[in-house]
Structures are given as C-alpha cells and as structure tokens.
Amino acid sequence: MDDEWNWVRGWLSDERLAPYLRTAHGDMSAAMDLYQHNSRISAAIKADLDHIEVAVRNAYHRAMSAHSPDWMFDGGALFPSIVGGSDRVAREQLEKAIRDAGGDKAEPGKVVAELSMGFWKRFSDQRRETTLWAAHANMAFVRGTPRRVVHEHMTALVQLRNRIAHAERIVHLPLNNYRARIDDLAKRVDPRIAQWIGAHSAVPGVNESWKRYQQQQVLRAKHVDPVAAERARQQMVDRRSKRRQEKQKDHAPKPQPRGIIDRTLDERGPANPDHDNQRER
C-alpha cells in the first residue's frame with residue numbers, strides 16, 4: 001500500500017495528508033475521500049461567500065455614494081483614518097484598486113470590484129466607529145445594526161475565505177456557524193438576499209451527499225486495524241529515514257577498482273590440486 005500511494009504523497013505532501021489520515025484512522029483511501037469532500041464543500045461555501053461579499057461591498061458603496069458619488073477619490077477628506085492617516089495598508093489597497101481600474105478615469109463601480117473583502121472589513125473596525133461607521137457606513141445595513149456584529153461576521157468570513165483560497169482544510173470547522181453568519185449578514189443588508197443565497201446554496205447538497213457516502217462506508221472504520229493510524233505515521237518516519245540513508249550512501253566513498261591480476265585469478269577459478277599433481281607426475 002505504501003508504494004501504491006506514493007504519488008499522492010508526492011502530490012500533497014505527508015504534512016498535508018496527516019490530518020486527513022488521522023481522521024480516517026490511517027486508511028489512505030478514506031483519507032483521500034475526505035480530501036475530496038473538503039474540496040467540494042470548500043467550493044460550495046466559497047460561492048456563498050462570494051455572494052455576501054458582493055452584497056456587502058455594494059451596500060457600502062451605496063451608503064458612501066449617498067455622501068459623495070466619487071467617495072473613493074476623495075478618501076483623504078472623507079475618512080482620513082484609512083486614506084490620509086495611519087492605515088498604510090488600507091490606503092495602499094485603495095490606491096492600487098484605483099490604478100487597476102483605470103487610474104483617474106476609473107469608474108467607481110470598477111474600483112469597488114477591485115477591493116478585497118478584507119478591505120471592506122475595515123469599515124466596521126472599532127477605530128473608525130465615529131469617523132466612518134457612525135457617519136456613513138452604518139447606512140449599508142438595516143437600521144439598528146450594531147457595528148460589532150458586522151465586524152465579527154466580516155472577520156470570521158474573511159478568515160474562512162482565506163483558508164479556502166489557499167486550499168486549506170475546513171471540514172473540521174463549524175461550517176454551520178459560518179453559514180449562519182452569512183445568513184445574518186445578508187439579512188442585515190436585505191432579507192431577500194439572504195433568502196436567495198439560502199435557496200441556491202450548494203452546501204446542503206454536498207453535505208447530504210457526504211452523509212450518504214458515510215452511511216455506505218460505515219463499516220470501513222470497523223475493519224481498519226486499530227493501530228493503523230500509528231502505522232501510517234511510522235511509515236512516514238521510515239520514508240524520511242530511508243531518504244537520509246540513501247543520501248548518506250551517495251556520499252559514501254566508493255571501493256577502489258581491482259587489479260588485473262586479481263581479475264585473472266577470479267576468471268581461472270579455484271586451484272585444482274589433482275590437476276597440479278598430474279602435471280608433476
């Protein structure tokens with residue numbers, strides 16, 4: 001089995017496989033099934049994250065545009081804590097978005113689309129509660145929406161989005177909690193958006209498919225050697241040790257070539273005493 005799955009280890013690495021193998025009790029086939037499920041559920045929830053990102057950024061854009069249609073070009077006066085003040089990262093993000101969207105002639109909608117979800121999270125930061133949130137940004141949500149709630153939702157969802165973007169494991173996370181955050185945040189923008197996202201989300205279907213698979217494979221874990229997980233770990237250690245030994249072997253001194261006389265004696269084979277005695281007689 002070790003040789004059979006070497007290509008997977010070369011592809012994903014032992015470190016990346018380790019948590020899946022632990023969950024699968026050392027069964028590589030089951031670990032790869034779990035890895036595929038992680039990919040499918042990541043793609044499904046990524047779509048929901050995309051929907052809420054678009055909803056939030058456009059809501060912020062409407063709220064800011066009510067004060068100034070070209071608010072992002074007058075950022076220094078509108079919210080100096082982001083553009084003209086100490087927040088260098090946010091300032092650089094906005095300036096880059098403007099450049100990428102066409103510079104001074106960029107359309108505001110294109111600039112909005114260039115800005116990351118992490119940028120919009122800054123609109124609900126506590127440091128901007130009076131200068132930005134209370135003045136304009138709060139109008140992106142239904143009346144009475146607490147800044148803290150929006151910021152907690154945005155922070156958690158940005159972290160999840162980053163994990164998915166880097167193809168990291170998310171199956172061990174409380175994904176229902178993240179979906180609840182998406183739903184609540186969407187409702188605070190427009191309840192109809194929340195209803196649409198919930199009705200079209202692929203997450204329930206992926207989860208149901210995984211549950212059916214688990215039911216079909218329910219006996220698999222019972223047939224796995226209880227020490228299989230430890231054996232899998234030991235195999236990883238053995239492979240590393242083998243690679244070190246091979247490297248040491250490559251650097252070991254090679255034996256010197258044998259002389260002509262030595263090779264000639266070998267070709268003649270062992271001496272025959274009877275033959276020598278016959279010659280003497």
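Just so you know, all these numbers are worked out from the coordinates, no wet-lab data involved. Predicted, not measured: the structure shown is a model, and the values here were computed from it. Heads up, the Cβs are rebuilt from the backbone with ideal geometry, glycines too, and the neighbour counts pull from every protein chain shown.
Using a simple spin-label model with pseudo-atoms 7 Å out from Cα toward Cβ, E107 and N176 lie 4.3 nm apart. Computed from the C-beta positions of E15 and E246, the FRET efficiency with R₀ = 25 Å rounds to 0.75. Residues R212, R239, ranked from the fewest to the most other C-beta atoms within 10 Å, line up as R212, R239. Residues F141, F123 in ascending order of nearby Cβ atoms (within 10 Å, fewest first): F141, F123. The calculated FRET efficiency for R99 paired with H166, based on their beta-carbon distance and R0 = 25 Å, is about 0.45. Which FRET efficiency, nearest 0.05, do V8 and A156 yield, Cβ-Cβ r, R0 35 Å? With R0 = 35 Å, the Cβ-Cβ based efficiency is 0.65. Arranged from fewest to most other beta-carbon atoms within 10 Å of their beta carbon, S201, S241, S39 become S241, S39, S201.
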